[in-house]
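In what follows, a structure is listed as structure tokens, so that the remarks can point back to it.
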Protein chains: 2
Amino acid sequence: MDRRKIAPIGVFDSGVGGLTVAREIIRQLPNENIIYFGDTARVPYGSKSQDSIIRFSEQIIRFLQTKQVKAIVIACNTASALALDTVQKEFDIPILGVVVPGARAAVEATVNGKVGVAGTDATVRSQMYTKIIQKMNPEITVIEKACPLFVPLVEEGFKEHQVTREIIDYYLKSLKDTEIDTMILGCTHYPLLRSKIRTYMGEKIQIVNPAYETAMDLRDLLEMQGMANDGSAANGVCEFYVSDAAEKFNEFANSVMPFDIMSTRVIQIENY
Amino acid sequence: MDRRKIAPIGVFDSGVGGLTVAREIIRQLPNENIIYFGDTARVPYGSKSQDSIIRFSEQIIRFLQTKQVKAIVIACNTASALALDTVQKEFDIPILGVVVPGARAAVEATVNGKVGVAGTDATVRSQMYTKIIQKMNPEITVIEKACPLFVPLVEEGFKEHQVTREIIDYYLKSLKDTEIDTMILGCTHYPLLRSKIRTYMGEKIQIVNPAYETAMDLRDLLEMQGMANDGSAANGVCEFYVSDAAEKFNEFANSVMPFDIMSTRVIQIENY
């Protein structure tokens, strides 16, 4: 038994949003074991500084290493945009973010070379999507738009409320009024508003959810390095950890995930 | 020179909301020196657990003690409701919260014995306003209502936006439809929505902002213990500390405070 093959994948996010990425990894790589960590004591990340997001990410990676993970997915656009470069240099373990896969999907999808990005304040301020897309294809125009109220709207269960439509209009009008043909949901919470955003933006715009491409990148990485779990033993197990309020996390997670989550454990992440 | 008299008052909050309390202390006690701490790395508190809020409060009080404060004001309803009892027992320094002063003001204000409280999820779940008000007067009926989107609306500058009116209606309709004659703004962010809430609730309802009574309680405490700064030396100085993103804090603070704040410093609160 190759211990590397059965080792779990570490997946982390500022809170519950990254479950949309975990869900996609489970769908595409059902044999892999997953350790998920949600930093619910310090959520949200989108309004915080790069220094703090790097420090939070370092602590989480050290925690995930105590679980002998074989690779780590930063399932948070803000941490991917602001901390990935730093932690890739610091840690001797493969670490993937969601920004590069999302950017590549948009580059492949756009026909007219005009791409929109909706993200948190911190992600948009970093201009990381623009930098990465234009490295892949300098001809592409990228318009980024911060939508800071989307996360609290999702977390407070306002998905179906009338004001959500108005706040979508408030933030996305300037993107809708451009000629973009492709739009990246650049925050892991936003796929939970996908149908409302789809209705608002219209059928002509392609909506990119980086979760799908991230799971594909992870599969390629595991196969290239001979680390994929072949399903012969100890597979498909998910463990969930948070830094606060496990019960509230379970409740939300059970509305997103394809199975029930009961035994989320709380750890003190600042000790790592 | 009595060193206790010139020692500063420590004031803390999860972020910028507590500045509405600091502003009131400055107005009523202009001679006092103030050390303000905003926990911007972990804001908001209102959606987090009691365990975390107690741990955060302990760390902040240990930090404030390094500044030789003579008394501490917890300028955050959530921390006052969930952590005050614990930290008062643990620390050998006078600590005031905002819930008791706010409750007392409402008890004095109500004529028909029906009081409403708007607060964060955590504050309302604790039912601390109800417990304290009914200890003061068991005849009073208290109706508490959690309004979790008010904090992000204020922080994202939506005070004047149309959706704010609708979200106020969504949360406060059930309070408006009762016979309350008094309403407590049970979160330090909410005074920043005061005029909108006032318009919505109507002129007949008395709105209580606990900041005013808290500053009065602080004055009484300092006078009783002979610790009030008489203004003869080293007075009226405010220092600001945050756990993240000092610049963003300054920007917000300058719209709330009666003077410009330039030199906010960032500290790593989890090390305390």
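In straight Cα distance, which lysines are under 28 Å from B:K5, not counting same-chain residues fewer than 8 positions off?
Hits, sequence-local ones excluded: B:K67, B:K70, B:K89.
By DSSP, what percent of the beta bridges with both residues in the protein assembly as shown are antiparallel, rounded to the nearest 5?
Antiparallel bridges make up about 0 percent of those DSSP assigns within the protein assembly as shown.
Whole-Hz ³J(HN,Hα) for each residue in region B:239-251, computed from phi via Karplus 6.51 cos²θ - 1.76 cosθ + 1.60 with θ = phi - 60°, x for glycine and proline: what do you get?
Taking θ as phi minus 60°, the curve returns 10, 10, 10, 9, 8, 6, 6, 4, 5, 4, 4, 4, 4 Hz for region B:239-251.
Roughly how many Å is it from the Cα centre of region A:210-262 to that of region A:27-99, as a whole number?
Centre-to-centre (Cα) distance: 13 Å.
Leaving out same-chain residues fewer than 8 places away, which lysines sit with a Cα under 22 Å from that of A:K159?
Hits, sequence-local ones excluded: A:K145, A:K173, A:K176, A:K196, A:K248, B:K48, B:K145, B:K159, B:K173.
Please pull out the direction-averaged projected area of chain B, using the convex hull of its alpha-carbon atoms, in nm² to one decimal place.
Numbers: hull surface 54.4 nm².
Averaging across all directions leaves 13.6 nm² for the Cα convex hull.
Are there trypsin sites (Lys or Arg not before Pro) in region A:1-93 that DSSP puts in a loop and that have at most 13 other Cβ atoms within 10 Å, and which ones?
Of the trypsin sites (Lys or Arg not before Pro), not one in the loops of region A:1-93 has a Cβ with at most 13 other Cβ atoms within 10 Å.
Taking chain B as the reference, fit the longest principal axis to its C-alpha atoms, fit the long axis of helix B:162-176 to the helix C-alpha atoms, and give the angle between the two in degrees, 0 to 90, nearest 10.
Relative to chain B, helix B:162-176 is tipped by roughly 70 degrees.
Once you have the Kirkwood Rh of region B:122-201 from its Cα pairs, apply Stokes-Einstein at 20 °C and 1.002 mPa s and quote D in µm²/s. Show your work: numbers first, answer last.
Values: Rh = 13.5 Å.
D, rounded to a whole number, is 159 µm²/s.
Note the buried accessible area between A and B here, summed over both chains, with a 1.4 Å probe, in Å² to the nearest 100.
That pair of chains buries around 2600 Å² in total.
FRET efficiency for B:I93 and A:A234, Cβ-Cβ distance as r, R0 = 41 Å, nearest 0.05?
Using R0 = 41 Å, I get an efficiency of 0.20.
Apply the Kirkwood formula to the protein assembly as shown: the hydrodynamic radius equals the inverse of the mean of 1/r over all pairs of different alpha-carbon atoms; give it in Å with one decimal. List each step's numbers first, then the result.
Details: mean 1/r = 0.0405 Å⁻¹.
Taking every pair of different Cα atoms in the protein assembly as shown, averaging 1/r and inverting gives 24.7 Å.
Loop-only check: which trypsin sites (Lys or Arg not before Pro) in region B:130-215 are DSSP coil with at most 16 other Cβ within 10 angstrom?
When the trypsin sites (Lys or Arg not before Pro) of region B:130-215 are filtered for loop state and at most 16 Cβ neighbours within 10 Å, B:K159, B:K204 remain.
Would you mind getting the accessible area per residue of chain B, heavy atoms of the protein chains only, 1.4 Å probe, in Å²?
40 Å²
In degrees between 0 and 90, to the nearest 10, how far off the longest principal axis of chain B does helix B:210-224 point, with axes built from Cα atoms?
So the inclination is approximately 40 degrees.
How long are the three semi-axes of the equivalent ellipsoid for region B:1-111, computed from the Cα gyration tensor as the root of 5 times each eigenvalue, in whole Å, largest first?
Square roots of five times the eigenvalues give 21, 19, 14 Å.
How big is region B:63-152 along each principal axis, measuring the range of its Cα positions in Å and listing the largest first?
On the principal axes, region B:63-152 reaches 46, 31, 19 Å in Cα extent.
Between copies, how close do the A:V256 label points come, placed 7 Å along Cα→Cβ, listed in nm from shortest?
For A:V256, the other copies' label points sit at 2.9 nm, shortest first.
Given the -39500 (n - 2.57) contribution per DSSP H run of 4+ residues, what per-residue ellipticity at 222 nm results for chain B, rounded to the nearest 500 deg cm²/dmol?
Using -39500 (n - 2.57) per qualifying helix, the result is -13500 deg cm²/dmol.
Calculate how steeply helix A:19-28 sits against the longest principal axis of the alpha-carbon atoms of chain A, using the helix alpha-carbon long axis, and give the answer as 0 to 90 degrees to the nearest 10.
70 degrees
Got a number for the accessible area of A:T178? Probe 1.4 Å, square angstrom, nearest 10.
Accessible area, nearest 10 Å²: 50 Å².
Taking the Cα centre as origin and putting +1 on Lys and Arg beta-carbons and -1 on Asp and Glu beta-carbons, what dipole magnitude results for the protein assembly as shown, to the nearest 20 debye?
20 debye
Working with all protein chains in place, sort B:M128, A:M201 by solvent-accessible area computed with a 1.4 Å probe, largest first. Don't skip to the end; give the middle numbers.
On the way: B:M128 40, A:M201 15 Å².
Largest accessible area first, the list is B:M128, A:M201.
When all alpha-carbon pairs of region A:1-47 are counted, what percent fall beyond 14 Å? Don't skip to the answer; put the middle values down first.
Details: 590 of 1081 pairs.
Value for region A:1-47: 55 percent of Cα pairs lie more than 14 Å apart.
With the full set of protein chains in place, find how many percent of the accessible area of region B:1-70 is carbon and sulfur; take the probe as 1.4 Å.
It is 46 percent, rounded to a whole number.
Report D for region A:193-272 in µm² per second (integer): Stokes-Einstein, Kirkwood Rh on Cα pairs, 10 °C, 1.306 mPa s.
97 µm²/s
The values are calculated or read from the model by the stated rules, or taken from the named source; none is laboratory data. Since the model is a prediction, treat every value here as computed from it, not as a measurement. Here the Cβ is made from the backbone with ideal geometry for all residues, glycine too, and neighbour counts use every protein chain on show. Accessible surface areas use protein heavy atoms only, side chains included; no ligands, DNA or RNA. Shrake-Rupley method; radii C 1.70, N 1.55, O 1.52, S 1.80 Å.
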